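The values are calculated or read from the model by the stated rules, or taken from the named source; none is laboratory data. Keep in mind that this is a model prediction, so the values were computed, not measured. Cβ placement follows ideal geometry from the backbone for every residue including glycine, while neighbour counts extend to all protein chains displayed. The protein model used for the area step is the full one, side chains on, heavy atoms only, and it has no ligands, DNA or RNA in it. Shrake-Rupley method; radii C 1.70, N 1.55, O 1.52, S 1.80 Å.
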Amino acid sequence: MIKIGKLKLDSDFDYRIIREEDNDVDLYIDINYRCVDINVGESEIFNSRIQFPYVRSILLRINKEDHLMTVHLMRDIDLFSAFANFEVDFSNSIFKIKNIQEKVIISKN
């Protein structure tokens, strides 16, 4: 597990810091075109998960002073290839990116 600012990240994948300015950090995580399941837990819209097939990488945009981050799902290694993004409040939790049978599960607990 790593800690960056207030984020606690538990990941099976290697990561690279590709940008760091003041309190802002961008983490690049290559997941090699795997399917990504996002565990949404209790949601008023979704029942259990959202699935994205064929994701090359995940970019986490973090502010070290905040409990919010933006997660970008990328089709290619190009930083402009994001096809989906969403905000996550990770306060009082561990953000997980796990490889389970060649599928990536994103969750927090």
field: Single condition Phe95 does not satisfy, out of (1) crowded, with 17+ Cβ neighbours inside 10 Å; (2) without any contact (Cβ under 8 Å) to a residue 60 or more places away in the chain
entry: (2)
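Please tell me if Ile4 is closer than 14 Å to Leu73 by Cβ and touching a residue at least 40 places away in the same chain (Cβ under 8 Å). Let's see the steps before the verdict.
On the way: closer than 14 Å to Leu73 by Cβ: no; touching a residue at least 40 places away in the same chain (Cβ under 8 Å): yes.
In short, no.
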query: Can you pull out the residues in the range 2-17 that are part of a strand (DSSP E or B) and open to solvent by 40 Å² or more (accessible area, probe 1.4 Å)?
result: Ile2, Lys3, Lys8, Tyr15, Arg16, Ile17
query: Condition test on Glu102, is it on the phi > 0 side of the Ramachandran plot and exposed (fewer than 14 other Cβ atoms within 10 Å of the Cβ)?
result: yes
- request: Kindly check whether there is at least one residue in the range 71-81 that is open to solvent by 50 Å² or more (accessible area, probe 1.4 Å), in a strand (DSSP E or B) and aromatic (Phe, Trp, Tyr).
  value: no
- prompt: Is it the case that the range 18-34 has a residue that's charged (D, E, K, R), open to solvent by 40 Å² or more (accessible area, probe 1.4 Å) and assigned to a loop (DSSP other than H, G, I, E, B)?
  reply: yes
message: Which pairs turn up if I take residues in the range 42-56 that are part of a strand (DSSP E or B) and look for partners that are among the aromatic types (Phe, Trp, Tyr) with beta carbon separation below 7 Å, at least 6 apart in sequence or on another chain?
response: Tyr54/Tyr33; Val55/Tyr33; Arg56/Tyr33
